[in-house]
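Report on the following structure.
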Amino acid sequence: MTKIPDKPTLDGIEARWIDQWESDGTYRFDTSAVRDQVFAIDTPPPTVSGSLHVGHVFSYTHTDLIARYQRMRGRKVFYPMGWDDNGLPTERRVQNYFGVRCDPSQPYEDGFQPPFRGDPPKKHQAIPISRPNFLELCDELVEMDEKVFEELFRRLGLSVDWTQHYATIDARSRRVSQRAFLRNVARGEAYSQEAPTMWDIDFRTAVAQAEMEDRDRPGAYHKIPFQRVGSEGAIEIDTTRPELLAACVALVAHPDDERYQPLFGTQVVVPLYGQTVEVCAHELAQPDKGTGIAMICTFGDSTDVTWWRELDLDLRAIIGRDGRMLAEAPAGVDAEAYSAIAGTYPNQAQRVVVEQLVEQGILVGEPRPIEHPVKFYEKGDRPLEIVTSRQWYIRNGGRGADLRAALVDRGTEMTWYPGHMQHRYDNWVEGLNGDWLVSRQRFFGVPIPLWYPLDANGEPMYDEPIAPSEDQLPIDPSTDVPDGSTADQRDQPGGFTGETDIFDTWATSSLTPQIAGHWEEGDGLFERVFPYDMRPQGHDIIRTWLFSTVTRAHHEHDEVPWTNAALSGWILDPDRKKMSKSKGNVVTPMGLLEQYGTDAVRYWSSSARPGVDTTFSEEQMKVGRKLANKVLNVSKFVLGFGDAGDATDAARVTEPVDLAMLARLDSVIAEATSAFDAYDYARALERTEATFWWFCDDYVELVKNRAYGTLGDEAAASATNALRIALGSFQRLLAPFLPFATEEAWSWWHDHSIHAAEWPTPSGLGGDESLLDPVVEVLTLVRRAKSEAKVSQRAAVDQVTVSAADGAGAAIEAGRSDLIAAGTISTLDVVPATDGGPVTCDVVLAPAD
RNA sequence: GGGCGCAUAGCUCAGCUGGCUAGAGCGCUGCCUUCACACGGCAGAGGUCGGGGGUUCGAGCCCCUCUGCGCCCACCA
């Protein structure tokens, strides 16, 4: 217990309590707790290489509200924190920050110093460095970034147990990720395959379906005739990608299309390049699109892949991994014609091809511009191409109806907040069109833990991968050697070669429950936390993080990884514009916390309903600051009555008015509790806050004279005990939202943290809640009379005549002495309302002195 | 093309299974420097609940329909 300050203030409150909580271990997880006592949270690991923004403050506050509530309900809260630091975003940030790029052909340089640490000049040419040097810089930058994130999250008051943290690149994460994958391989849930895949030509890596997005891009239909073989005439097709004519392997129309039925099975000649292709039939061809007949290229889009596979067509690839047209013309294609586009990018090739078509009089009419959706990697700048390569996949139902149905069912085994978010999950799973591509041709990530034997010719035998044993994990197959082999057998015929690909970041972050819970690490933690109680996350990553986590848990544990999914909404700019960057004064999360105070910013976050997109509002933060201030001031006032200490005596609360207040408080406790149980923290706050202001503005004003002792000791004791009981409840009801102000005020009369205190329960004293409304109504009418007369609220009143119906009249009688004191009233008469209408007042002010 | 969400005061939003006169905060207007709080308090003005139908004793809430905004998904000829 500390002394109540004369002038309570919110300034500097955060630093003090953050230190206190840390040294007291207030939020430390009890590792001896049994599963039933535990509330486990699968915290989203933020991408540390990204910038901090108010969205972090927003959604992480929501999780913390639930954590604090559950802790006060007596649950042992498992609330870890992770950092998502592996993967492409980190690589990109390292390149931009240090002015380097990874070139695996470079030798390692001991003690390498990058040319820059932050902000290389725009003209700077990135310096190529070795993969190990590059990874060292990744580690260095990630460590810096994580410090900044941790500082913000601590300042935000997150009740995280910081001893339970992980990073998706750390040894435990690599071990868990590799172990889970190897088990997938052993059970046949993961497999490798040489196949056409979506490919980003700038990052030079394969991309999964979940990471693709459509962007509208201008294009143009080009009408091109294909001469028929062995008969007169030509077939006209429309294409937006004339540069792929060299890759054309067939034409295709719908089998029911009468225009083309006579042509099925006949041959046509591809313009410019001369290869002969067949006219085929397939249901995916759309008669109403273009001319109703399309050219199939390997590969222009994913439909081409389907046609190629199902119609068993030739492969005539022309786009390489670097996105350029291959140097050599494919089989059957006129080499001289092809040489005009060899080595160019697709957009350059298109210009060349269209010129040739025009010069030779082949193109029919003018190209017709259109706007059409084009597939992009969500982090990429140029359209995805389709390139054939060997990749690893994990089955996710995209190629199997049974698994797909099972994963849809998993969605029904958890409760979604808000409920309609489940539609997005169903939508996504049901729309999958391939298994989950987990391998990436990148550098900073968890290595795929496999080697391949090399045959006598030095060719890898991909179907017979060599796996390490689980006790060897984590490994890096590019430096580690499989059991029974020696380092000098690496890359030698008859020897082995290491897998060079790494996992996509989602392949590891899909295992956050296993990583945070120390799955198979032998310390018994996992059994205490899995399946988790809550997965909080943004609705934008349902198709990635949420779905992939469900998939991994389904394969490994045959269970859902958690029972409740809580989805956060987005932050919108008040002007519906880009968040303030253009306005010069960038809004940084830390700046907001410093300007308004943490509690105020948390209040704004807390007032947003779960899953609802919310306007960024500094006004709301001001309101929050006001509320936090009020908590301090009313606490000081209430605790100023009577003895110090936390003792209250409910038995001494005897006045009907006081019992009525506690009855109202009981209702609010019940409402807030059930709202929190349904993850609706915003409703809990709204109900609590409204009642708290009513308590401060009306109830306290009404009874404070009595509390001072003007009506005797018994009456005073009733008021002061009721005030203290209510104060203790309000402080605890508000504690999840305003952890700092409530802790401060609580400390004035308690020895232990409010955040370890028990969630309030209804007093059950049986007061009549309806009693106070008529009393407060009279108080308001008296205040109005004074306000309209433009006199001080302290001004004396000679006579108040209240007209009220029976019930209201009785209530007002119960509050008579408090009303007289609060309103400075000499005579208060209550008369029955003649028409049973609302309470009215005739107020006669005392003459001014 | 399929799916989902939103539309209530000038602004941001509550209004949970239909039920007294539709609420809050901000903003606005007026007043009060009252012994917890001027980072304050008191009071006031302000709404045909997006349009149109329907069910019902009764609709902001349920049904149909239209309009506008936003999001998710879909094979890019």
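The values are calculated or read from the model by the stated rules, or taken from the named source; none is laboratory data. Worth saying up front: this structure is predicted, and the values here are computed from it rather than measured. No Cβ is skipped: glycine too gets one built from the backbone with ideal geometry, and neighbour counts run over all protein chains shown. Only protein heavy atoms, including side chains, enter the accessible area calculation; ligands, DNA and RNA are left aside. Shrake-Rupley method; radii C 1.70, N 1.55, O 1.52, S 1.80 Å.
Computed on region A:305-385, with alpha-carbon pairs under 8 angstrom and 6+ residues apart, the relative contact order is 18 percent. Entry note, chain A: the mean residue ellipticity at 222 nm calculated from DSSP H runs of n ≥ 4, each adding -39500 (n - 2.57), is -11500 deg cm²/dmol after division by the residues and rounding to the nearest 500. Taking a straight Cα-Cα cut-off under 15 Å and skipping sequence neighbours fewer than 8 places away in the same chain, the aspartates and glutamates within cross-link reach of residue A:375 are A:200, A:202, A:211, A:213, A:214, A:216, A:301, A:304, A:385. Heavy-atom accessible area for residue A:481, with the other protein chains in place and a 1.4 Å probe, reaches approximately 40 Å². Expressed as an acute angle from 0 to 90° and rounded to the nearest 10, what is the orientation of the C-alpha long axis of helix A:131-155 relative to the principal long axis of chain A? The angle comes out near 20 degrees.
Looking only at region A:123-138, which residues have a backbone nitrogen under 19 Å from a spot 7 Å from the Cα of residue A:110 in the C-beta direction? Residues A:130-137 qualify, since their backbone N sits under 19 Å from the label point.
Taking all Cα pairs closer than 8 Å and separated by 6 or more residues, the relative contact order of region A:249-337 comes to 30 percent. Note on exposure: A:509, A:192 ranked by accessible area (1.4 Å probe, complete protein assembly) read A:192, A:509, with the most exposed listed first.
Remark: region A:248-263, residue by residue, has Karplus-estimated 3J(HN,Hα) of 5, 10, 5, 10, 9, 9, 6, x, 8, 6, 5, 4, 10, 3, x, 8 Hz, where x stands for each Gly or Pro and the curve is 6.51 cos²θ - 1.76 cosθ + 1.60 at θ = phi - 60°.
Net length available on complete extension from residue A:204 to residue A:423 is 75.5 nm, with 0.36 nm assigned per residue and the Cα-Cα distance removed. Residue ranking by accessible heavy-atom surface, 1.4 Å probe, largest first, among A:240, A:648 comes out as A:648, A:240. A simple count of charges around residue A:283, restricted to other residues whose Cβ falls under 12 Å of its Cβ and scoring Lys, Arg +1 and Asp, Glu -1, yields -3. Counted over chain A, the DSSP beta bridges are approximately 65% antiparallel. Once the Cα-Cα distance is subtracted from the 0.36 nm per residue extended length, the residue A:191 to residue A:541 segment shows a gain of 123.5 nm. Treating the angle as unsigned and between 0 and 90°, give the value, to the nearest 10°, between the Cα long axis of helix A:401-412 and the longest Cα principal axis of chain A. Once rounded, one gets 10 degrees. Rg over Rh for region A:157-307 works out to 1.21, both radii taken from alpha-carbon positions and Rh defined as the Kirkwood radius. Length available on full extension from residue A:140 to residue A:678: 0.36 nm per residue minus the Cα-Cα distance, which gives 189.5 nm. If you plug the beta carbon distance of residue A:649 and residue A:590 into 1/(1 + (r/R0)^6) with R0 = 35 Å, you get a FRET efficiency near 0.20.
Dimensions of region A:205-270 based on its C-alpha atoms, expressed as ranges along the principal axes with the largest first, amount to 46, 24, 22 Å.
Once the C-beta distance of residue A:23 and residue A:147 is scaled by a Förster radius of 25 Å, the resulting FRET efficiency is 0.80 to the nearest 0.05. Over chain A, with a single point scatterer placed on each C-alpha, what log10 of the ratio I(q)/I(0) does the Debye formula yield at q = 0.06, 0.07, 0.08 1/Å? Those come out to -0.56, -0.71, -0.85, one per q. For the pair residue A:633 and residue A:317, label points projected 7 Å from Cα toward Cβ lie 7.2 nm apart. Neighbours of residue A:169 by Cβ distance under 11 Å: Lys/Arg scored +1, Asp/Glu scored -1, total -4. In this simple spin-label model, placing a label point 7 Å from the Cα along the Cα-to-Cβ direction at both residue A:171 and residue A:617 gives a separation of 5.0 nm.
Do the alpha carbons of any pairs in A:379/A:622; A:626/A:786; A:7/A:622 sit beyond 30 Å of each other, and which pairs?
A:379/A:622, as the Cα separations exceed 30 Å there.
Using a Förster radius of 60 Å, what is the FRET efficiency between residue A:117 and residue A:335 based on their Cβ-Cβ separation? Nearest 0.05, please. Efficiency, from the Cβ-Cβ distance: 0.75. Of the residues A:370, A:754, ranked by 1.4 Å probe accessible area with the largest first, the sequence reads A:370, A:754. Remark: chain A carries a charge dipole of roughly 1800 debye about the Cα centre, counting +1 on each Lys and Arg Cβ and -1 on each Asp and Glu Cβ.
For chain A, calculate the relative contact order in percent as a whole number, restricting contacts to Cα pairs under 8 Å that are 6 or more residues apart. Working shown, then result.
Details: 1581 pairs, mean separation 116.5, N = 849.
Relative contact order for chain A comes out at 14 percent.
Label zone (residue A:521, point 7 Å along Cα-to-C-beta; backbone nitrogen cut-off 17 Å) within region A:531-551: A:531-532.
The residue among A:525, A:809, A:54 whose Cα reaches farthest toward the positive pole of the charge dipole of chain A, with charges on the beta-carbon of Lys, Arg, Asp and Glu, is A:809.
With each label modelled as a point 7 angstrom along the Cα→C-beta vector, the residue A:486-residue A:756 pair spans 6.1 nm. Projecting the Cα positions of A:497, A:478, A:516 onto the charge dipole of region A:478-530 (unit charges on Cβ atoms of Lys, Arg, Asp and Glu, taken about the Cα centre) puts A:516 furthest along the positive direction. Other residues with beta-carbon under 11 Å from the beta-carbon of residue A:539 carry, at +1 per Lys or Arg and -1 per Asp or Glu, a net charge of 0.
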